[in-house]
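Input: a single structure, listed below in structure tokens.
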Amino acid sequence: MTLTAAGGKIPKDLSWPAGKKYMGNVDAFLKSLLNFDKDNVPVNCVDSCEKEYISNPSFTVDNIRSKSSAAAGLCGWVVNICKYFRIYQVVAPKRAALAEANRKLEAANKKLTGIRAKVKELQDKVAALEESFMKATEDKNVAIAQAEKTSRKAQLADRLVNGLSGENKRWSETIKKMDITGGKLIGDVLLASAFVSYAGPFNMLLRNQLVEERWRPDLIQRNIPLSEGIKPLDLLTDDTARAKWANEGLPIDPLSVENGAIMTSASRWPLMIDPQLQVGLGGGCSGALPCGAACKFSLAK
């Protein structure tokens with residue numbers, strides 16, 4: 001009754017009849033003992049129990065068990081509650097200090113977390129700035145290299161322009177000459193095309209007659225532009241091709257050269273007279289001239 005006094009107000013009547021009345025409802029009494037708030041026992045209640053009961057040498061569990069086992073259980077409960085209270089008086093401040101330390105630690109950890117986040121943010125900014133600096137440095141080096149390259153090109157261009165400035169006159173004359181030649185290209189090509197298409201079966205004499213006495217006068221009569229003194233071989237071949245043919249075995253006489261020009265310029269196999277059997281020569285099938293089919297005719301005896 002002393003320990004369980006509400007608000008520390010100890011009842012004045014602590015007699016046995018009052019105790020029996022307090023324990024009249026056994027279930028409620030046991031429930032109150034099981035749910036007893038041992039951490040918040042009033043100090044005066046504990047002091048009164050220690051002074052009035054626990055200090056009595058006969059107030060022991062073993063002594064009271066000889067009288068009543070139920071009373072011995074209550075005795076042990078009272079003794080243990082008082083001991084717990086005294087221990088709790090020492091532990092409670094330490095618990096409070098521990099809770100305060102944990103609170104401060106949590107606040108410090110939160111602050112540390114914020115500082116670490118700030119440090120990481122600054123480190124990320126530094127890394128981004130370093131990356132930007134490296135990129136800017138690389139761009140600068142590229143720009144410098146490009147400027148040097150451009151400068152070298154400009155110097156070379158100046159040298160080229162200065163070196164070619166003397167060619168202006170020759171180029172102008174060449175352009176004029178090409179303009180004149182281009183205007184007469186139609187007649188030149190007609191003459192060369194006719195030579196390739198129709199002059200193959202004839203000898204040198206007849207070929208010259210066709211060109212000089214038939215085709216050229218006809219072009220002039222029809223007012224088709226034609227270069228003065230142009231010959232079919234001037235368009236159909238050049239000195240390089242002739243030297244190559246000669247190196248591969250083709251004779252260098254005009255008829256053979258004309259035959260080679262006709263063979264290399266015709267889109268189809270031309271009909272040609274080959275009295276010297278030049279198709280059978282190495283030059284005829286070596287790659288310089290296309291190979292053709294040869295038919296050999298002889299008079300019956």
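The values are calculated or read from the model by the stated rules, or taken from the named source; none is laboratory data. In this text, all values refer to a predicted model and were calculated from it rather than measured experimentally. Quick reminder, even Gly has a Cβ in these numbers, built from the backbone with ideal geometry, and neighbours come from all protein chains shown. For the accessible areas, the whole protein counts, side chains as well, though only heavy atoms, and no ligand, DNA or RNA atoms are used. Shrake-Rupley method; radii C 1.70, N 1.55, O 1.52, S 1.80 Å.
Some points to look at:
- Label separation (residue 119 vs residue 174): 7.6 nm, computed from points 7 Å beyond Cα along the C-beta direction.
- Nearest-10 value in Å² for the accessible area of residue 236, using the 1.4 Å probe: 40 Å²
- Förster radius 51 Å - calculated FRET efficiency between residue 224 and residue 151, Cβ distance, rounded to 0.05: 0.40
- By accessible area with a 1.4 Å probe, ligands and nucleic acids excluded, highest first: order of 263, 134, 204: 134, 204, 263
- Full extension of the chain between residue 141 and residue 209 yields a length gain of 17.1 nm, computed as 0.36 nm times the residue separation minus the alpha carbon distance.
- Semi-axis lengths, Å, region 139-229, gyration tensor of Cα atoms, sqrt of 5 times eigenvalues: 53, 16, 11
- Which of 118, 140 is most accessible, then next, and so on - probe 1.4 Å: 140, 118
- Cα centroid separation - region 106-161 against region 215-234, whole Å: 73 Å
- R0 of 25 Å, Cβ-Cβ distance residue 34-residue 62: FRET efficiency to nearest 0.05: 0.55
- Listed residue pairs exceeding 32 Å between alpha carbons, taken from 31/104; 149/177; 111/140; 176/231; 125/153: 31/104; 149/177; 111/140; 125/153
- Kirkwood Rh (inverse of mean 1/r, distinct Cα pairs), region 88-239, angstrom: 25.5 Å
- With R₀ fixed at 30 Å, the C-beta to C-beta distance from residue 103 to residue 83 puts the FRET efficiency at about 0.50.
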